[in-house]
1. Name the pairs whose Cβ atoms lie under 8 Å apart, with the first residue in segment 391-409 and in a helix (DSSP H, G or I), the second surrounded by fewer than 15 Cβ atoms within 10 Å (Cβ to Cβ), and 6 or more positions between them or separate chains?
2. Within segment 232-251, can one find any residue that is free of Cβ contacts under 8 Å to residues at least 60 places away in the same chain, crowded, with 20+ Cβ neighbours inside 10 Å and in contact with a strand residue (DSSP E or B) (Cβ under 8 Å, 6 or more places away or on another chain)?
3. Given (1) under 28 Å from L173 (Cβ atoms); (2) in the same structural domain as A257 (by TED's automatic domain parsing); (3) of a type in the set (V, I, T); (4) assigned to a helix (DSSP H, G or I), identify the lone condition not met by I321.
4. Taking A172 as the residue in question, decide whether it is within 14 Å of Y371 (Cα to Cα) and not acidic (D, E).
5. Do any residues in segment 336-357 that are over 22 Å from L224 (Cβ atoms) and touching a residue at least 12 places away in the same chain (Cβ under 8 Å) have Cβ atoms under 6 Å from those of residues that are assigned to a strand (DSSP E or B) and charged (D, E, K, R), where the two are at least six apart or on different chains, and which pairs are they?
6. What are the pairs with Cβ atoms under 8 angstrom where one residue, in segment 259-270, is in contact (Cβ under 8 Å) with a residue 60 or more places away in the chain and the other, located anywhere, is basic (K, R)? Sequence gap at least six, or different chains.
7. Residue by residue through segment 74-96, note down the ones that are in contact with an Asp or Glu (Cβ under 7 Å, 6 or more places away or on another chain) and surrounded by 12 or more Cβ atoms within 10 Å (Cβ to Cβ).
8. Of the residues G189, G165, which single one is buried (at least 23 other Cβ atoms within 10 Å of the Cβ), at positive phi, touching a residue at least 24 places away in the same chain (Cβ under 8 Å) and small (G, A, S)?
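The values are calculated or read from the model by the stated rules, or taken from the named source; none is laboratory data. Here the structure is a predicted model, which is why all the values come from computation and not from measurement. Cβ placement follows ideal geometry from the backbone for every residue including glycine, while neighbour counts extend to all protein chains displayed.
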Amino acid sequence: MGAEEGVNPERREKEQRRGAQVTSQRLAEPWYDGRDAGEQARAVVSVRHAVVVAESRAERNRAPAPDCPPTEEEPMKAVVIREHGGPEVLRIEDVPDPVPGPYEVVVRVKAVALNHLDLWVRKGVPGAPFKLPATTGADAAGDIASVGQGVSDLAIGTPVMVLPGVSCGICALCVGGADHLCADYHILGESGPGALAEYVKVPRANVVAKPANLSYEDAAALSLTMLTSWHMLVARAQLRGGETVLIQAAGSGVGVAGIQIAKYIGARVIATAGSEDKRKAALALGAEHVLDSRDPSWPKQVKALAPRGVDVVFEHVGGDIFEQSMRLLGRAGRLVTCGATTGIDAKINLRHVFFKSQSILGSTMGSKGEYHQLVALYAQGFFKPVIDRVLPLSEIRAAQEALESREVFGKVVLRP
C-alpha cells in the first residue's frame with residue numbers, strides 16, 4: 001500500500017500544513033545558518049540532551065519543549081482510558097494532535113499491535129500507579145507526518161517502525177548500549193501517550209525505516225515481542241545451537257517469537273500450548289514437540305523428551321508454571337523470564353539451583369542496537385509475523401477481549 005493510499009484529503013492537507021510550519025520554525029532558529037546537517041546537529045547537541053532529559057522526567061512527551069513553538073493543534077481519534085476496569089472503559093475520543101519538539105517525530109499510525117501491557121494499564125496493577133487518562137499502544141508502524149527541530153534525515157511520508165522503549169539517551173547505560181536499563185526507561189503507552197491513535201509522537205531515535213518486504217501490519221506485529229524474545233534467548237540465556245529449549249505458552253506473542261528465534265539459532269524446541277489449534281500452529285513454526293499445557297502430565301512428557309533436563313526454559317507465565325519449569329532444568333540450565341501473567345509468587349528449591357549450577361535470569365525488553373539488528377533480519381526474511389486478526393481501531397474492546405481470553409495465536413493488530 002502506498003504512503004498516501006486511503007488518506008483522507010483533510011488529513012493530507014493538515015499534514016502538509018504541519019510540515020510547512022515545522023520547516024519554517026527550523027529555518028527561523030538562530031543556529032540554522034546554512035551549515036550541513038551534521039554540523040547543525042553537533043552545534044545543538046547540548047540543547048538536545050537537555051530537552052530529552054527534561055521531557056523524559058517531566059510529562060513523558062505530553063508537551064512540546066519550551067523553545068519549540070507549538071504548531072496548530074487539531075483533534076485526532078485515540079483510545080482513551082479514564083478509569084481502570086474492563087473493556088467497557090475503552091473509549092474512542094477526540095484529543096489534540098501531538099506536536100514534535102526538538103529531535104522528535106510524529107508518526108501517522110497505519111497499524112498498531114496489542115500486548116498484555118495494554119490490558120495491565122486498562123485493568124490497573126497493584127503497586128503500579130499508571131497515570132490516567134491514558135492512551136496505550138506500544139507497537140506501531142506508519143508514516144512520518146512531521147518532524148521537530150534538528151531532525152533532517154527523515155522526509156515526510158517515510159514509512160517507519162516504532163521502537164517501543166524510550167530512554168533518556170545520555171546516561172552511561174544509554175550511551176553504553178544498554179538503554180533498556182536506563183533509570184528513565186519506559187515503554188510507549190505505559191507512562192505517556194501511546195500508539196492506539198491516529199498519530200503518535202516519539203524521539204527520532206525511536207523510529208527505524210520499515211523494510212519494504214513488510215506491510216504496516218507485519219511491521220507493527222514484530223516490535224515488542226520479537227525484541228523481548230531476542231533479548232531473552234540471545235543476550236540473557238545465550239541459547240546455542242544444539243541445545244534444547246522449553247518455550248512456555250507458545251501461542252502468545254513472545255512464545256511465537258521465541259520459537260522462531262530458537263530455530264534460527266539452531267536449537268531443539270519443546271513448547272506448550274493450551275489448544276489443539278495453537279499446538280498445530282506452533283508445530284508449523286518449527287517446534288519439534290508441542291505439549292498440551294492443560295494436561296497435568298506435561299512435565300513428565302518433557303522429562304521423557306529431555307531425560308537430562310532442558311538447557312533453557314523460556315518463561316513468562318509465572319506461578320505454578322515457574323515452579324514446574326525450574327524442576328525441568330538440567331545441569332547449568334538457565335531459566336529466563338520476562339513476565340508473570342498468572343501470578344508473581346513462586347517457590348524455588350535452592351538446593352537444585354546451587355547443586356546443579358542453574359541460573360534464573362530476569363529480562364525486560366531489549367536495546368536499540370538489538371532492535372536495529374532485528375530489523376535487518378526482518379528485511380532478509382528470517383522471521384515472519386504471526387497475526388491472528390486485524391481489526392479497525394473502533395473495535396478496540398473486541399480486540400482486547402480476544403487477547404484477554406487467550407483465544408488468539410500471535411498478534412492482534414488494529415488500523416486507526
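1. Hits for this filter: R397/E88.
2. Yes, because at least one residue in segment 232-251 is free of Cβ contacts under 8 Å to residues at least 60 places away in the same chain, crowded, with 20+ Cβ neighbours inside 10 Å and in contact with a strand residue (DSSP E or B) (Cβ under 8 Å, 6 or more places away or on another chain).
3. (1)
4. On the way: within 14 Å of Y371 (Cα to Cα): no; not acidic (D, E): yes.
So A172 does not fit the description; no.
5. That search, which allows pairs on different chains as well, returns K356/R331.
6. Filtered contacts from segment 259-270: Q260/K384.
7. As a first pass, look at segment 74-96 and keep what is in contact with an Asp or Glu (Cβ under 7 Å, 6 or more places away or on another chain): 74-78, 80, 87, 89, 96.
If the condition is that a residue be in contact with an Asp or Glu (Cβ under 7 Å, 6 or more places away or on another chain) and surrounded by 12 or more Cβ atoms within 10 Å (Cβ to Cβ), then E74, M76, K77, A78, V80, P87, V89, P96 are the ones that fit.
8. Details: G165 fails: at positive phi.
Step by step, each of G189, G165 is checked, and only G189 is buried (at least 23 other Cβ atoms within 10 Å of the Cβ), at positive phi, touching a residue at least 24 places away in the same chain (Cβ under 8 Å) and small (G, A, S).
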